[in-house]
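Take a look at the structure below.
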Amino acid sequence: MSEQVAAPSLWARARTRYRTFFFDDEPVTAAVVFRHFFALWTLAYFLPRLRHAWELYCRPVLRSTAKVWQWLGEPLPPLWLVYGLFAVLLTGLLLLVVVRRYARLIHVAILAPMLVLFALDTMMPRAYGALALTQWLLLLAAPYDRLRDHPGGPVLRAPRFGLRIMRLQFSSVYFFTVLSKLVDGNNWLNGRALEFAFKNPRYGDFLLSQIDLPRWGYQVMGIGTLACELFVAFGIWAKPTRRWAMLVVVGMHTMMMLTLRVSPLFHSLMIGQLLLFVPASTYARWFPRWFSDPPPPDPSATLSS
Amino acid sequence: MGSAPAPLTRLWQHRAGRVLAHLFVLGWILVTLGLLVRGVLPDRVPGHGSFPWGMFKDPNHKTKRLVVTGILDDGREVEIDPGRYFHYARGFTDLRFYDHHVALRKDRGWAKREVRRFALLLAEAAKEQDGIDAVALRLEWERVHLLSHKKQRKRVHDVIVVDKRRYRRIRNLAERQERRRTFEHKSPIPLRTPALSKPGPGPLAPQRAPGAR
């Protein structure tokens, strides 16, 4: 008589799924590549700000209106302190790009000046600045330290919870932006939102948005944008649709770059985060010299020796 | 697997590390769910807030520009471009820090103080760099409707940017001039006419009745 095996309870199945989703091992390639990209991106973010350090960080007027800041007595940093923070931060970011060891130590060391500079910034980009800071904090849990333990060795594997959270953070941005457009905003379904954005001489009226479209054209584009964002939020998680979702991200941000006067840093950050979703096998196929595992030892050769 | 353990794998081998990792994941999930619930709550319920990452949710149907007019001590008005003194602009736009600052949109005590300090800095920069010696600045928002192109100006504040003694002197002078102008305009008898400067009976001289000696 065959023994009847009790089906696992819903709780047990949920726990197994949770553990598999977050804590299974995964090659560290995506984390290592993203670390290099993100350090370079952050350098590109902070370098232009250095020239305007007084205006952005030490300006005595029209500063932060946050209550915490007022409670702290609205501290005004001296310029030398800001330059010092910049020096530490930029050096750390450069080191993160070039060094192979102590990456985590450098990461922790640059977090303090980065947080202070973000807090002192009187013109921090509301969207991508906050997202970049969030990703820097989440990156602490990603296994980006090193690709291999020794040259020629296999690519390391590690629990993927850090990477998973960073990916979830990326897709949650698209999910929430759709919700905010539909619930908090009220002009996306009728196309007015895009029309206003494109015709605004300060935000739009740029390259492709100078072309005048009929009202239905804006409506189609508005609904299309919402559909694309929703597709990215979920489609990037399924293997069959991942490639399409990545293409949609690239296409959408390229179109935004050609129609709106938003900083290219925003688009490059969103497109750059796709590096987190590229499978290790694809990295190994595209750049075999850097990311492929060494070939397995030939058993016949071992026997003959 | 055959590969040596990465640092996070080493952390995973300890119970404290595993607890920390679970807390990290659960923390992120809770924060995200909290943001979702906060946005879904009806407007009147305490704790309601807008969804995060809503930067493009509602583009404005008007474009606005801060217009700063400097008033010189002789009463002339000069337009001052604040973008000449503050250079950092967002992305490919010409948006400066003052274009978004909440103090320039509110009319409360602290906002007035902030705007006054901003105007003082602006006047100082205009004097140093362009030699515009303004005694007061008028800050206004110029809004243009994107479809009808209708223009509208709304005053933010008028700020006196010189010290009080100098401003009082200038104001008194201006008031005297204004009073004189008004008097000249309204009075049936001109205050200063060529007849007054000439010798002989002017229009203010007592009139004699015709035939009287």
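The values are calculated or read from the model by the stated rules, or taken from the named source; none is laboratory data. Bear in mind the structure is a predicted one, so any value in this text is a computation, not a measurement. Every residue, glycine as well, gets a Cβ built from its backbone with ideal geometry; the counts of neighbours run over all protein chains shown. The accessibility values were calculated without ligands, DNA or RNA, using every heavy atom of the protein model including side chains. Shrake-Rupley method; radii C 1.70, N 1.55, O 1.52, S 1.80 Å.
Between A:L258 and A:L230, residue separation times 0.36 nm minus the direct Cα-Cα distance comes to 7.9 nm. For a paramagnetic label modelled on A:L105 (point 7 Å from Cα along Cα→Cβ), amide N atoms under 15 Å away belong, within region A:121-156, to A:145-146. Packing around the peptides A:120-127, B:23-30, taken as the average count of other Cβ atoms within 10 Å per residue, puts them in this order, highest first: A:120-127, B:23-30. Contact residues in region A:63-107 (at least 50 Å² less accessible area with all protein chains than alone, 1.4 Å probe): A:T65. Between B:K127 and A:L115, the modelled label-to-label distance comes to 4.2 nm, taking each label 7 Å out from Cα in the direction of the beta carbon.
For region A:1-121, what relative contact order do you get, as a whole percent, if you take Cα pairs closer than 8 Å and at least 6 residues apart? Before the final figure, lay out each step's value.
On the way: 62 pairs, mean separation 33.9, N = 121.
Relative contact order of region A:1-121: 28 percent.
With a 1.4 Å probe on protein heavy atoms only, tell me which residues of region B:77-91 lose at least 40 Å² of accessible surface in the complex relative to the chain by itself. So the qualifying set is B:Y88, B:R90. Taken as Cα centroids, region A:141-201 and region A:276-299 sit 25 Å apart, rounded to the nearest whole angstrom. Within the straight-line cut-off of under 18 Å between alpha carbons, the lysines reachable from B:K57 are A:K181, A:K199, sequence neighbours fewer than 8 places apart in one chain being disregarded.
Taking R0 as 60 Å, what FRET efficiency do you get between B:R180 and A:L79 from their Cβ-Cβ distance, rounded to the nearest 0.05? Could you put the intermediate results ahead of the total?
Working: r = 50 Å, r/R0 = 0.84.
About 0.75, to the nearest 0.05.
With all protein chains kept in place, the per residue accessible area of the protein assembly as shown amounts to 57 square angstrom at a probe of 1.4 angstrom.
What is the local net charge at A:G204, summed over the other residues whose Cβ is closer than 14 Å to its Cβ (Lys, Arg +1; Asp, Glu -1)? It would help to have the intermediate numbers written out before the result.
Details: positive: A:R192, A:K199, A:R202, A:R261, B:K62, B:R90; negative: A:E195, A:D205, A:D212, B:D94.
Charge balance in the 14 Å sphere: +2.
What total accessible area, in Å², is buried where chains B and A meet, using a 1.4 Å probe and rounding to the nearest 100? Buried: approximately 6100 Å² between A and B. Whole angstrom only: what separates the Cα centroid of region B:26-57 from the Cα centroid of region A:237-252? Cα centroid to Cα centroid, the span is 26 Å. Counting Cβ atoms of other protein chains within 10 Å of each Cβ in A:184-196 and taking the mean gives 4. In terms of packing, defined here as the mean over residues of other Cβ atoms within 10 angstrom, the peptides B:125-137, A:137-149 line up highest first as A:137-149, B:125-137.
Using the average count of surrounding beta-carbon atoms within 10 Å as a protection proxy, the listed peptides A:245-256, A:269-280 rank, highest first, as A:269-280, A:245-256.
List every DSSP H helix in chain A whose Cα atoms extend 24 Å or more along the helix's own long axis and whose mean Kyte-Doolittle hydropathy is at least -1.0. Kindly include the intermediate steps, with their values, before the conclusion.
Values: long enough: A:29-51 (35 Å, 0.87); A:79-98 (29 Å, 2.59); A:103-120 (25 Å, 2.17); A:161-179 (26 Å, 1.10); A:215-235 (29 Å, 0.86); A:239-259 (31 Å, 0.50).
Span-like helices, by this rule, are A:29-51, A:79-98, A:103-120, A:161-179, A:215-235, A:239-259.
Could you work out the local net charge near A:M221, counting Lys and Arg as +1, Asp and Glu as -1, over the other residues with Cβ closer than 14 Å to its Cβ? Value of the local net charge: +1.
If a spin label sat at a point 7 angstrom from the Cα of B:R76 along the line to its beta carbon, the backbone N atoms of region B:122-159 nearer than 14 Å would be those of B:131-135.
Please check: in the Gaussian network model of chain A (C-alpha springs, under 10 Å), which one of A:S172, A:S292, A:S64 has the largest mean-square fluctuation. Looking only at A:S172, A:S292, A:S64, the largest GNM fluctuation is found for A:S64.
If you place +1 on the Cβ of every Lys and Arg and -1 on the Cβ of every Asp and Glu, how big does the dipole about the Cα centre of the protein assembly as shown come out, in debye to the nearest 20?
Values: 74 positive and 38 negative charges, 400 e Å.
Result for the protein assembly as shown is approximately 1920 debye, rounded to the nearest 20.
Dipole of region A:137-290 computed with +1 at Lys/Arg Cβ and -1 at Asp/Glu Cβ about the Cα centre; of A:F196, A:P159, A:L179, farthest Cα towards the positive end is A:P159. Here the dipole of chain A is about 80 debye; that uses its Cα centre as origin and unit charges on the Cβ of Lys and Arg (positive) and Asp and Glu (negative).
Which sequence of A:C58, A:C228 reflects their accessible areas, 1.4 Å probe, from the largest down?
Working: A:C58 10, A:C228 50 Å².
The most accessible residue leads, giving A:C228, A:C58.
Taking only protein heavy atoms and a 1.4 Å probe, the accessible area of region A:34-162 is 70% carbon and sulfur. Ordered from largest to smallest accessible area (heavy atoms of protein chains, 1.4 Å probe), the residues B:Y85, A:Y57 come out as B:Y85, A:Y57.
For chain A, the relative contact order comes to 22 percent (Cα pairs under 8 Å, sequence separation of at least 6). With Cα atoms defining each centre, region B:92-136 and region A:36-98 are spaced 22 Å apart in the structure.
With 20 Å² as the minimum drop in accessible area between chain alone and full protein complex (1.4 Å probe), the qualifying residues in region A:199-239 are A:K199, A:N200, A:P201, A:R202, A:Y203, A:F206. Counting only protein heavy atoms and a probe of 1.4 Å, the accessible surface of region B:109-180 is 45% carbon and sulfur. Compute, for B:R180, the solvent-accessible surface of its heavy atoms (probe 1.4 Å) with the complete set of protein chains present, and express it in square angstrom to the nearest 10. Number for this one is 120 Å².
Once all protein chains are placed together, A:T91 keeps about 80 Å² accessible to a 1.4 angstrom probe. Computed over neighbours whose Cβ is under 15 Å from that of A:V155, the net charge equals +3, Lys and Arg +1, Asp and Glu -1.
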